[in-house]
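Visitor: If you scroll down you'll find the structure; I have some questions about it.
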Ligand code: AP5
């Protein structure tokens, strides 16, 4: 379940780990401003639920780390948008997600992080899931003041090998500049510099925040306060998810009873 090779490399790659022992897979979308902690929570959720952490940003970064001649013109263009902190065009993102449809159909479930990010992407995803008969379990929306978000982004460091995420003061590695998990070197993402951070936050408000209303109308939204340490936010997330699952189950029983009358 934890093997993301088909997501990161595309349909020609096959995951080694199967999803055979997941009884009720979770299918989640994580919403929230850049730097709110979606990736950190997705990792914790992945460890607890088994569902794969599918980040569109990770796919673009993985493609960007290949040599220049292996990069398609669409990927080169996408990397330019990312560096500036702007969104990659919907058509490029959608093409990339659509060719990874097997990951959405996976019996282990999924945790979508960073997608959808515009109303257009959300509509396309809804249509695809409806056609495939896949139901989202919930959309988790993480919420935090902009000042705290800027601090989180400015201090973020990422491992160049395993992509584990640290923070200079909040989640420092044991040895400065070195990954605890694999000894890889830590680096600062290009889009975590002040100019790009400003553009990303403005873009979020303009293009992504409207998705909160979109998913509220669909009855899928779960709002979560994202202040405090990651473990506390994770505990809050699990409580909210359980209470949603109980509500959905109760609603199904109620509907079944109504239909029998
Ligand atoms: P993407 O990679 O998706 O980045 P993002 O959404 O901007 O989110 P981040 O990864 O920056 O933050 P996060 O919320 O995951 O926070 P994290 O857990 O790392 O996208 C990058 C770019 O790709 C986009 O700008 C766009 O160009 C392009 N792109 C991707 N998808 C696209 C799409 N669908 N459409 C169009 N374009 C797309 O945490 C941040 C820091 O805070 C870390 O240092 C962490 O250690 C620390 N931290 C986390 N939690 C806590 C806590 N509770 N307390 C203290 N510190 C914490």
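Visitor: Using the Cα atoms of segment 4-95, I'd like the radius of gyration and the largest Cα-Cα distance, Dmax, both in angstrom.
Guide: Cα-based Rg and Dmax for segment 4-95 come out at 14.9, 43 Å.
Visitor: Let me ask something else. Kirkwood hydrodynamic radius, segment 145-188, all distinct C-alpha pairs: what's the number in Å?
Guide: Taking every pair of different Cα atoms in segment 145-188, averaging 1/r and inverting gives 10.5 Å.
Visitor: Ranked by Cβ crowding within 10 angstrom, fewest neighbours first, how are 12, 141 ordered?
Guide: 12, 141
Visitor: Could you state the orientation-averaged shadow area of the convex hull built on the Cα atoms of segment 170-209, in nm² to one decimal?
Guide: 4.1 nm²
Visitor: Quick one: what does P(r) look like for segment 94-141 with 10 Å bins over all Cα pairs, in whole %?
Guide: Spelled out per bin, shortest first, that is 23, 67, 11.
Visitor: Still on this structure, I have one more. What is the fewest-to-most order of 5, 29, 222 by other Cβ atoms lying within 10 Å of their Cβ?
Guide: 5, 222, 29
Visitor: Still on this model: In degrees from 0 to 90, rounded to the nearest 10, what is the angle of the helix 73-84 Cα long axis to the longest principal axis of the chain?
Guide: The angle comes out at about 80 degrees.
Visitor: When the Cα atoms of segment 212-255 are enclosed in a convex hull and the volume is divided per residue, what value in Å³ results?
Guide: Convex hull volume per residue, Cα atoms: 57 Å³.
Visitor: Sort 151, 203 so that the residue with the fewest other Cβ atoms within 10 Å of its own Cβ comes first and the one with the most comes last.
Guide: With the fewest neighbours first, 151, 203 line up as 151, 203.
Visitor: Mind pulling the angle between the C-alpha long axis of helix 119-132 and the longest principal axis of the chain? Nearest 10 degrees, somewhere in 0 to 90.
Guide: So the helix axis and the longest Cα principal axis differ by about 50 degrees.
Visitor: Hey, what D do you get for the chain in µm²/s if you plug the Kirkwood alpha-carbon radius into Stokes-Einstein at 25 °C and 0.890 mPa s?
Guide: 127 µm²/s
Visitor: Between the alpha-carbon centers of segment 114-153 and segment 204-219, tell me the distance in whole angstrom.
Guide: After rounding, the separation between the Cα centres reads 8 Å.
Visitor: Give the percent of DSSP beta bridges with both residues in segment 109-261 that are antiparallel, rounded to the nearest 5.
Guide: Around 60 percent antiparallel, to the nearest 5.
Visitor: What does the helix-only formula give at 222 nm for the chain: each DSSP H stretch with n ≥ 4 adding -39500 (n - 2.57), the total divided by the residues, and the result rounded to the nearest 500 deg cm²/dmol?
Guide: Value at 222 nm, helices only, nearest 500: -14500 deg cm²/dmol.
Visitor: Ok, one more. How big is segment 47-199 by the Kirkwood estimate over distinct Cα pairs, in Å?
Guide: 17.4 Å
Visitor: On the first, second and third principal axes, largest extent first, how far apart are the outermost C-alpha atoms of segment 124-219 in Å?
Guide: 47, 29, 20
Taken together, the values in this text are just the output of simple stated rules run on the coordinates, not laboratory data. All figures in this text were calculated on a predicted structure; none of them were measured in a lab. Note: ideal-geometry Cβ built from the backbone for every residue, glycine included; neighbour counts use all protein chains shown.
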